[in-house]
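As structure tokens, the structure follows; a few thoughts come after it.
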């Protein structure tokens, strides 16, 4: 297991049990102190009653109020001559209560007190200890559950991303039905399968490119050799007739055009093969893509002080790939953030002939009209990029993806503001 995670969890468990132990010790101390006080409480209350009787000695018909006492049950004058121990008459012998007799100013008083108070405290002491033990047991069960349900499963996937990064894509991720990591483990295994498939595809692509380059190199040699022969002949003045010279020039131009076509194939292959333009055919509601964009860029733009406005629109069903449309809108938003002045980004909507148009406009456009027609070319970067990083492929990818979804994307400069519009086909 990942030792750092295990140590951290062990420290957490120890800390929890130390806190629980301190709480238990505090509760036990309070209960013990209370029980110790309860042992002598009847003595204290008997003394208080006796003092009260002495304070009211001589008051005719005085009876002390025992409602304020916890253990005192009854206080009455004590007359031994009225008790007959032989026949058991009188309260003195019939009472099950403990009592004491006190002489107060020449009058005997019998004070009955309750001996069950201590047993109630003991019962409460036992109940509190049982509850405390139950809490400790429950905490232990929860910690064990966390270990088996989360910590142990985390160990299984802690090293998996490193293995993927190193290219170890053969071993599949063992599926497990857990509500905490089940979907995550399934997603990791899908990522592994995707990376493995891309690895095989890239190897095949590399092989095809090597074959293509070898074949192309062989094909280029023929026109190139012809050009070199014709140029050598011209250099040595082997042709003096103007018609012949014109014919040789046309041959050189023909062979140069052939080489140019081969070069164009190389550029096309280099520009497209490493990019993935796969689009899943389907349909989705436009709000699904817009909600994802709005939730992400609302926080991001608020952090940099850029005002974001989404104009109202009715929801429609769109043909294409929701994730790909989100990717297109993300590329457009990133360009608006990177090349705008940071004041405002506005998103508006319109409809044209079975299509929903999404227009993203940013303030502070510094691109010239002459360059506008090239921004969707691969690897093209305008004169306004400055020191900003980039590959010049963002809008090129947008163009390709929207074409695959039977849509389009175009750009306009309106009153010094850059507006990129995405055309989506409605279902």
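Return 217, 359 ranked ascending by Cβ neighbour count within 10 Å, so the fewest neighbours appear first.
If I rank by nearby Cβ atoms, fewest first, I get 217, 359.
Got a sec? How would 124, 190 order by Cβ neighbour count within 10 Å, fewest to most? Walk me through the numbers on the way to the answer.
Values: 124 14, 190 11.
Least crowded to most crowded, the residues run 190, 124.
Taking R0 as 30 Å, what FRET efficiency do you get between residue 213 and residue 374 from their Cβ-Cβ distance, rounded to the nearest 0.05?
0.60
Using only alpha carbon pairs under 8 Å that are at least six residues apart, calculate the relative contact order of the range 241-385 and give it in whole percent. Let's see the in-between values first.
Details: 133 pairs, mean separation 27.8, N = 145.
Contact order relative to length: 19 percent.
Sort 186, 109 so the one with the fewest other Cβ atoms within 10 Å of its own Cβ comes first.
Ordered by Cβ neighbours within 10 Å, fewest first: 186, 109.
Given the Cα-Cα distance of residue 98 and residue 20 and 0.36 nm per residue of separation, how much length would full extension add, in nm? Kindly include the intermediate steps, with their values, before the conclusion.
On the way: separation 78, 0.36 × 78 = 28.08 nm, distance 4.07 nm.
Difference between extended and current length: 24.0 nm.
Each value in this text was obtained by applying a stated rule to the coordinates, not by laboratory testing. Quantities reported herein were computed from a predicted structural model and do not represent experimental measurements. Note: ideal-geometry Cβ built from the backbone for every residue, glycine included; neighbour counts use all protein chains shown.
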